[in-house]
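The values are calculated or read from the model by the stated rules, or taken from the named source; none is laboratory data. The model shown is predicted, which means the values in this text are computed figures rather than measured ones. Glycine gets a Cβ as well: all are built from the backbone with ideal geometry, and neighbour counts include every protein chain shown.
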Amino acid sequence: MIKVRNLVKIFEQGSQVLRAVDNVSTDIKQAEVVVLIGPSGSGKSTFLRCLNALEELDEGSICIDGVDLADSKTNHNLWRREVGMVFQHFNLFPHLSVLENLCLAQQVVRKRSKRESEEKARTLLAKVGIAEKASEYPRRLSGGQQQRVAIARALCMEPKVMLFDEPTSALDPEMVGEVLDVMKQLAKEGMTMLCVSHEMGFAREVADRILFFDQGRLLEDAAPAQFFEQASDPRVKTFLKQIL
Ligand code: ADP
Ligand code: MG
């Protein structure tokens with residue numbers, strides 16, 4: 001479903017040229033759950049941002065269902081509709097209620113009526129377990145609840161794939177589980193997912209594959225059992241020793 005070939009993303013910092021994503025190729029199948037791990041600064045977020053058309057590609061290509069992001073005819077706004085993204089810091093609109101947060105893009109981008117978008121929003125709020133918070137403002141919710149709102153908001157657009165960038169890293173420990181449970185449920189239902197996460201329990205349980213990044217390069221692309229038990233690369237071993 002997703003085909004990434006020789007992807008390169010370069011940042012220029014003064015006279016320094018940084019290859020934040022350095023010649024990465026991989027394929028993601030429909031309904032596959034892929035967890036991205038690696039040290040801070042290894043290019044995980046940049047990789048996801050490229051997939052969501054938030055960064056211009058310097059080299060290589062990304063295709064989703066045969067549509068090439070680098071093709072000049074590809075509309076990036078249409079592309080982003082199909083690719084849901086959830087960030088570490090929720091990024092909810094603070095001045096809008098939960099329901100309004102879920103309806104805005106549906107009405108503006110998907111051109112749904114107020115009624116249709118509210119119906120969709122309420123269905124998804126129920127799905128993530130916070131139906132009763134529809135008229136609250138984000139600041140009155142816990143971090144875990146805010147992140148579940150962010151997930152529901154992305155799902156309202158009926159994306160083909162969901163990208164999660166450290167969705168539980170900003171949460172108090174007691175709230176991590178409720179967000180991971182929603183993600184597990186989505187995975188079970190067959191959503192195609194790419195998740196940057198340091199939750200190794202989640203990775204072992206839910207991931208079909210682990211991608212390990214280091215200095216922009218994709219060093220390992222393996223099933224969880226193989227990755228955790230048989231990683232051969234010393235950089236992977238060092239990383240696992242630090243976090244497990
Ligand atoms: P990760 O998510 O794995 O921690 P990032 O993708 O955020 O890593 O960053 C990869 C590298 O690219 C880092 O060295 C970071 O400093 C750099 N980088 C990320 N975004 C930018 C930017 N907008 N401008 C310049 N450098 C950036
Ligand atoms: Mg990151």
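Assorted remarks:
- Annotation: of all residues in the range 179-210 being in a loop (DSSP other than H, G, I, E, B) and small (Gly, Ala, Ser), the one that is farthest from residue 223 (Cα to Cα) is 190.
- Selection over the range 158-178 of residues that are assigned to a loop (DSSP other than H, G, I, E, B) and within 16 Å of ligand 2 (Cβ to nearest atom) gives a count of 6.
- Yes/no for residue 66 being closer than 24 Å to residue 223 by Cα and out of contact with any strand residue (DSSP E or B) (no Cβ under 8 Å at 6 or more places or on another chain): no
- If only residues of the range 179-201 that are away from ligand 2 (no atom under 16 Å from the Cβ) and modelled with pLDDT under 95 are counted, the one that is farthest from residue 51 (Cα to Cα) is 201.
- Test result for residue 112, in a loop (DSSP other than H, G, I, E, B), more than 16 Å from ligand 2 (Cβ to nearest atom), free of Cβ contacts under 8 Å to residues at least 24 places away in the same chain and surrounded by fewer than 22 Cβ atoms within 10 Å (Cβ to Cβ): yes
- Scan the range 121-157 for residues that are part of a loop (DSSP other than H, G, I, E, B), free of Cβ contacts under 8 Å to residues at least 40 places away in the same chain and either within 16 Å of ligand 1 (Cβ to nearest atom) or surrounded by fewer than 17 Cβ atoms within 10 Å (Cβ to Cβ) (or both) and the total you get is 3.
- Under the condition of being among the aliphatic types (A, V, I, L, M) and part of a strand (DSSP E or B), the residues counted in the range 15-72 number 14.
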